[in-house]
Amino acid sequence: MERAEGGHVSVPDVDLIDGTAMPQLGFGVFQASDEEAERAVRTALEQGYRSVDTASAYGNEEGVGRALRASGVPREEVFVTTKLWNDEQGYDNALRACDASLSRLGLDYLDLYLIHWPMPSRGAYLDTWRALEDLKRDGRVRAIGVSNFTVETLSRIIEEADVVPAVNQIELHPYFQQDGLRAFHRDHGIRTEAWAPLGQGHGLLDDPALDRIGRSHGRTPAQVVLRWHLQIGNVVIPKSVTPSRIAENIDVFGFELSPDDMKAIGELDQGTRFGPDPAVFETA
């Protein structure tokens, strides 16, 4: 396991289409309260995580910001992502939403800003994207991307806007591998980022194949799944508020899955989506 000076794990970066470097493994705070997020992010930063993913809808940006300030880690060493919620879409709304997130986080800039859901029937995501382009131009945001976008909604942005999304953050795990969308991302230089990378508590980690692979490497099923994500090129943001799990989830750089392991995990794909379908999800 590679460790940086100070003893914590050193996570490799991937390059986004605009040249921004992003840690390939980060820390998610979905469904964590403000106080839980503060404690968990402080623990994660102590363990060597240098990427934190939140959202205005999570209600914990202030806690994340407090943890960042208390950590002692220089701002430029932490990659901070947040997302604008569905009722914040539209050009002017998106500009205000970004400023509000920056204020809650206590930051001068974001490393990555995402549109949380496309809400295609409302048709506002293109105007929202133009606001993100302007936020990138004026330096409030280093990189811009989307979350839960489909080939159809991504294609419209690529065809009609000036900047290609650097990232599409999507539900992705061994039971829902999204091969077609990942191929589209590769063709257009978009980085795939996986949310619910461990299957969000729906039994994935009890799968016998993952248990067998884990035992062969002296690793847990969760570590096997995270390693699989890394080896197929995904950016991954596991979430936990348990210190031992936070440490376990970053300890995935000292082993490698074999071609047979990767083939076995590839065969687990069931096309099973556990979260909302972005083609129809419209909650404000």
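Is there a residue being acidic (Asp, Glu), closer than 30 Å to Ser244 by Cα, surrounded by fewer than 18 Cβ atoms within 10 Å (Cβ to Cβ) and touching a helix residue (DSSP H, G or I) at 6+ places or on another chain (Cβ under 7 Å) anywhere in region 48-68?
Going residue by residue through region 48-68, those that are acidic (Asp, Glu) are 53, 61-62.
Right, trim to closer than 30 Å to Ser244 by Cα and you get 53, 61-62.
Retained after the next criterion (residues that are surrounded by fewer than 18 Cβ atoms within 10 Å (Cβ to Cβ)): 62.
Next, only the ones that are touching a helix residue (DSSP H, G or I) at 6+ places or on another chain (Cβ under 7 Å) stay: 62.
Within region 48-68 (the criterion being acidic (Asp, Glu), closer than 30 Å to Ser244 by Cα, surrounded by fewer than 18 Cβ atoms within 10 Å (Cβ to Cβ) and touching a helix residue (DSSP H, G or I) at 6+ places or on another chain (Cβ under 7 Å)), the answer is yes, since at least one residue qualifies.
Please enumerate the residues belonging to region 74-92 that are more than 16 Å from Thr54 (Cβ to Cβ) and touching a helix residue (DSSP H, G or I) at 6+ places or on another chain (Cβ under 7 Å).
Gln89, Gly90, Tyr91
Which residue is most open to solvent (accessible area, probe 1.4 Å), if the candidates are limited to region 262-284 and must be within 30 Å of Ala57 (Cα to Cα) and among the hydrophobic types (A, V, I, L, M, F, W, C)? Can you show your working first?
Step one: filter region 262-284 for residues within 30 Å of Ala57 (Cα to Cα), giving 269-284.
The next check asks that each one be among the hydrophobic types (A, V, I, L, M, F, W, C); those that pass are 274, 279-281, 284.
Details: Phe274: 54, Ala279: 57, Val280: 101, Phe281: 40, Ala284: 66 Å².
Taking the candidates together, the pick is Val280.
Go through (1) in contact with a strand residue (DSSP E or B) (Cβ under 6 Å, 6 or more places away or on another chain); (2) of a type in the set (A, V, I, L, M, F, W, C); (3) in contact (Cβ under 8 Å) with a residue 40 or more places away in the chain for Ala40 and report which single condition fails.
The one condition Ala40 does not meet is (1).
Can you go through Gly201, Gly233 and tell me which one is at pLDDT 95 or above and not in a helix (DSSP H, G or I)?
Values: Gly201 fails: at pLDDT 95 or above.
After ruling out the rest, the residue left standing is Gly233.
For region 131-144, how many residues are within 18 Å of Asn93 (Cβ to Cβ) and touching a residue at least 12 places away in the same chain (Cβ under 8 Å)?
Residues meeting the conditions: 9.
Please verify whether region 177-191 includes one or more residues that are within 13 Å of Ile265 (Cα to Cα), at pLDDT 95 or above, open to solvent by less than 20 Å² (accessible area, probe 1.4 Å) and under 17 Å from the mean Cα position of the chain (by Cα).
Yes, region 177-191 has at least one match.
On the given criteria, is Gly145 surrounded by 16 or more Cβ atoms within 10 Å (Cβ to Cβ), modelled with pLDDT of 95 or more and within 21 Å of the chain's Cα centre (by Cα)?
Working: surrounded by 16 or more Cβ atoms within 10 Å (Cβ to Cβ): yes; modelled with pLDDT of 95 or more: yes; within 21 Å of the chain's Cα centre (by Cα): yes.
Answer is yes for this residue.
Quick one: how many residues across region 245-261 are open to solvent by 30 Å² or more (accessible area, probe 1.4 Å), under 22 Å from the mean Cα position of the chain (by Cα) and more than 17 Å from Gly218 (Cβ to Cβ)?
1
The values are calculated or read from the model by the stated rules, or taken from the named source; none is laboratory data. Since this is a predicted model, take the numbers as computed values, not measurements. Cβ: placed from backbone, ideal geometry, glycine included. Neighbour counts: every protein chain shown. When the accessible area is computed, the model is the full protein with side chains, heavy atoms only, and any ligands, DNA or RNA have been set aside. Shrake-Rupley method; radii C 1.70, N 1.55, O 1.52, S 1.80 Å.
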